[in-house]
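Report on the structure given below.
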Amino acid sequence: MALGWKLVIDSTDAPAIADFWAQALGYEVEDPGALIEQLLTEGHIGKEAVVEHRGRTYFRGFAAVRHPDDPFDRISGVGLGRRLLFQDVPEGKTVKNRLHIDVHSEPGGLVELVSRLEGLGAVRVREVDKGPAGHWWVMLDPEGNEFCVS
């Protein structure tokens, strides 16, 4: 039996980095507002457990993005398919990622995609051209996490 999964990425500002990745991938930022309102109203959590970001309420230290075509829970906003969850951690990033995301462009669209991602706050690190084996850019997201664009 296949198992469900999500990729969890440590962050310093979960809602902000979720915004970047939603725009980069064409994903949707999950909206847990209805669940948070219910939990606040019922007294299960206090205001200290939440944060406002761009007009939405999030659980403090957490934000996620999901593929727009995948199903999601209407109450919690949680995606039930392809999903990235960002969680704030106290320590900063210190070494190279052991796992990274590869973002694929449309055929012939590498230059345009790299430029678009730079416009969102990504930084080019180096270009890799292996001829028939592939051509890609190593980039950094706004929090310094490496990813590749091919």
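Which value, in debye to the nearest 20, describes the size of the charge dipole of the chain about its Cα centre when Lys and Arg Cβ atoms bear +1, Asp and Glu Cβ atoms bear -1, and nothing else is charged? Show your work: numbers first, answer last.
Numbers: 16 positive and 24 negative charges, 59 e Å.
Rounded to the nearest 20 debye, it is 280 debye.
Suppose accessible area is computed on protein heavy atoms with a 1.4 Å probe; arrange Val138, Val123 from highest to lowest.
Values: Val138 15, Val123 75 Å².
Descending order: Val123, Val138.
Report, to the nearest whole %, how much of the accessible area of the chain belongs to carbon and sulfur atoms, 1.4 Å probe, protein only.
Values: 5030 of 9160 Å².
The value for the chain is 55 percent carbon and sulfur by accessible area.
Taking R0 as 35 Å, what's the FRET efficiency between Asn97 and His53 from their Cβ-Cβ distance, rounded to 0.05?
Details: r = 25 Å, r/R0 = 0.70.
Given R0 = 35 Å and the Cβ-Cβ separation, E is 0.90.
Can you run the Rg to Rh ratio on the chain? Use alpha carbon positions and the Kirkwood inverse-distance Rh. Walk me through the numbers on the way to the answer.
Values: Rg = 17.1 Å, Rh = 16.8 Å.
So for the chain, dividing Rg by the Kirkwood Rh gives 1.02.
Please list, in chain and number order, the residues 5+ apart from Arg60 or on another chain whose amide H is under 5 Å from its amide H, with Hs placed from the backbone.
HN-HN under 5 Å from Arg60: Val50, Val51.
Whole number in Å², please: accessible area per residue of segment 1-134, 1.4 Å probe, ligands, DNA and RNA not counted. Walk me through the intermediate numbers first.
Values: 8630 Å² over 134 residues.
For segment 1-134, the solvent-accessible area averages 64 Å² per residue.
Please state, to two decimals, what the Cα-based radius of gyration of segment 76-150 comes to when divided by 2.2 N^0.38 Å (N = residues). Mind showing how you got there, number by number?
Working: Rg = 14.3 Å, N = 75, 2.2 N^0.38 = 11.3 Å.
The value comes to 1.26.
What chymotrypsin sites (Phe, Trp or Tyr not before Pro) does segment 1-100 have in DSSP loop regions with at most 13 other beta carbons within 10 Å?
Details: sites: Trp5, Phe20, Trp21, Tyr27, Tyr58, Phe59, Phe62, Phe72, Phe86; in loops: Trp5, Tyr27.
Taking segment 1-100 and a limit of 13 other Cβ atoms within 10 Å, the loop chymotrypsin sites (Phe, Trp or Tyr not before Pro) found are Trp5.
Apply the Karplus parameterisation 6.51 cos²θ - 1.76 cosθ + 1.60, with θ equal to phi minus 60°, to every residue of segment 105-113 and state each ³J(HN,Hα) to the nearest whole Hz, in sequence, with x for glycine and proline.
Listing the rounded values in order: 8, 5, x, x, x, 4, 4, 5, 5 Hz.
Tell me which residues come under 5 Å, amide H to amide H, from Asn97 once H is placed; ignore anything under 5 positions away on its chain.
The answer is Glu146.
Could you put Glu118, Glu48 in order of accessible surface area, largest first, with the 1.4 Å probe and the full protein assembly present?
Glu48, Glu118
From the phi angles alone, apply the Karplus equation (6.51, -1.76, 1.60; θ = phi - 60°) to segment 129-134 and give each ³J(HN,Hα) in whole Hz, x where the residue is Gly or Pro.
Taking θ as phi minus 60°, the curve returns 10, 9, x, x, 7, x Hz for segment 129-134.
Show which lysines lie in cross-link reach of Lys6 when reach means a straight Cα distance below 29 angstrom and same-chain residues fewer than eight apart are skipped.
Output for Lys6: Lys47, Lys93, Lys96.
Counting only protein chains, not ligands or nucleic acids, how are Met1, Met139 ordered by accessible area (probe 1.4 Å), most first?
Output order, biggest surface exposure first: Met1, Met139.
GNM on the chain, C-alpha springs below 10 Å: top fluctuator among Arg98, Arg56, Arg126?
Arg98
The values are calculated or read from the model by the stated rules, or taken from the named source; none is laboratory data. Everything numeric in this text was worked out from a predicted model, so none of it was measured. Every residue, glycine among them, receives a Cβ derived from its backbone with ideal geometry; neighbour counts consider all protein chains shown. When the accessible area is computed, the model is the full protein with side chains, heavy atoms only, and any ligands, DNA or RNA have been set aside. Shrake-Rupley method; radii C 1.70, N 1.55, O 1.52, S 1.80 Å.
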